[in-house]
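Only the coordinates and a few stated rules stand behind these numbers; no lab work does. The structure displayed is predicted, hence computed values, not measured ones. Here the Cβ positions follow ideal geometry from the backbone for every residue, glycine too, while neighbour counts run over all protein chains shown.
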Amino acid sequence: MQIYIAGVDEVGRGPLAGPVVTAAVILRKPIEGVTDSKKLTHARRVILAEQIKADAIAYAYGRAEVEEIDVLNIHHATLLAMKRAIEGLSIIPHKVLVDGVHLPHVSMPCEAIVKGDLLIQEIGAASILAKVLRDQEMVEYDQMYPGYGFADHKGYPTEMHRSALIKLGPCPIHRVSYAPVAALLLPA
């Protein structure tokens with residue numbers, strides 16, 4: 001009997017804007033070059049994402065939208081997005097390995113692994129899929145909400161983003177529960 005191990009990771013906890021995106025991946029075999037998405041160039045991530053999707057036994061995405069992040073907080077929204085990714089898999093894994101220290105509430109055994117995206121192929125693959133999808137979405141948001149520079153900083157609190165936020169005010173994809181955004185919504 002084949003044992004299915006799913007790796008899960010998230011992208012987008014730190015940004016001031018956009019969803020938190022997760023992926024769950026069950027690999028057929030190791031894929032050369034898979035590691036923490038932050039260690040790879042954009043071009044390499046895109047190539048690996050296509051290879052992962054082509055070679056994986058199963059993969060699925062999960063997400064929590066800005067409204068959910070603002071209501072639940074980023075921690076609980078991330079766990080919800082992870083649960084959605086795991087439950088979206090076409091094959092039920094025997095075990096789930098999650099990057100970090102916190103686990104989503106799912107019906108199968110889970111293990112949290114610090115730096116799992118560097119150590120475990122399935123988690124690294126999930127890291128890459130989630131990063132490529134979220135980055136692509138932030139480029140699309142850049143077209144919808146010009147002036148913020150989402151294509152460049154992907155919603156992270158860079159100096160460029162903070163300046164645009166002060167100049168333009170928050171847009172619909174900004175997380176109003178995050179202090180730099182919330183401060184702009186307070187009455188003067």
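Details
- Where D70 falls short, out of the listed (1) within 14 Å of A130 (Cβ to Cβ); (2) of a type outside the set (A, V, I, L, M, F, W, C); (3) surrounded by 17 or more Cβ atoms within 10 Å (Cβ to Cβ): (1)
- Test: residue in region 170-177 that is hydrophobic (A, V, I, L, M, F, W, C), assigned to a helix (DSSP H, G or I) and out of contact with any Cys (no Cβ under 7 Å at 6 or more places or on another chain): no
- Pair list, Cβ under 6 Å, 6 or more apart: region 1-27 residue surrounded by fewer than 22 Cβ atoms within 10 Å (Cβ to Cβ), other residue of a type in the set (D, E): I5/E122
For every residue, the table says whether it meets (1) among the polar types (S, T, N, Q); (2) surrounded by 22 or more Cβ atoms within 10 Å (Cβ to Cβ); (3) out of contact with any Leu (no Cβ under 7 Å at 6 or more places or on another chain).
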site	(1), (2), (3)
K39	no, no, yes
I47	no, no, yes
A64	no, yes, no
H75	no, no, yes
M82	no, yes, yes
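- Restricting region 52-68 to residues that are touching a residue at least 60 places away in the same chain (Cβ under 8 Å) and hydrophobic (A, V, I, L, M, F, W, C), the residue that is farthest from K95 (Cα to Cα): V66
- When V114 is tested against (1) under 20 Å from T35 (Cα atoms); (2) crowded, with 19+ Cβ neighbours inside 10 Å; (3) of a type in the set (A, V, I, L, M), exactly one condition is not met: (2).
- Within region 35-58, the residues that satisfy the criterion of being part of a loop (DSSP other than H, G, I, E, B) and either closer than 17 Å to V8 by Cα or of a type in the set (D, E) (or both) are T35, D36, A56, I57.
- Looking across region 163-179, the residues that are surrounded by 12 or more Cβ atoms within 10 Å (Cβ to Cβ) and more than 15 Å from V66 (Cα to Cα) come down to S163, A164, L165, L168.
- Lone unmet requirement of (1) in contact with a Phe, Trp or Tyr (Cβ under 9 Å, 6 or more places away or on another chain); (2) assigned to a helix (DSSP H, G or I); (3) crowded, with 20+ Cβ neighbours inside 10 Å for G155: (2)
- Condition met for A85 (part of a helix (DSSP H, G or I), closer than 20 Å to P30 by Cα and among the hydrophobic types (A, V, I, L, M, F, W, C)): no
- Contact map, region 113-130: residues that are without any contact (Cβ under 8 Å) to a residue 60 or more places away in the chain paired with residues that are surrounded by fewer than 16 Cβ atoms within 10 Å (Cβ to Cβ), Cβ distance under 8 Å, separation 6+ or inter-chain. Pairs shown: I113/L119; V114/V101.
- Test result for H94, touching a residue at least 24 places away in the same chain (Cβ under 8 Å), over 18 Å from V11 (Cβ atoms) and not hydrophobic (A, V, I, L, M, F, W, C): yes
- Filtered residue count, region 131-152, keeping only those that are in contact (Cβ under 8 Å) with a residue 60 or more places away in the chain and more than 15 Å from the chain's Cα centre (by Cα): 3
- Some residue of region 91-112 being β-branched (V, I, T), assigned to a helix (DSSP H, G or I) and under 23 Å from I3 (Cα atoms): no
- The set of residues in region 82-92 that are closer than 21 Å to L118 by Cα and of a type outside the set (V, I, T) comprises M82, A85.
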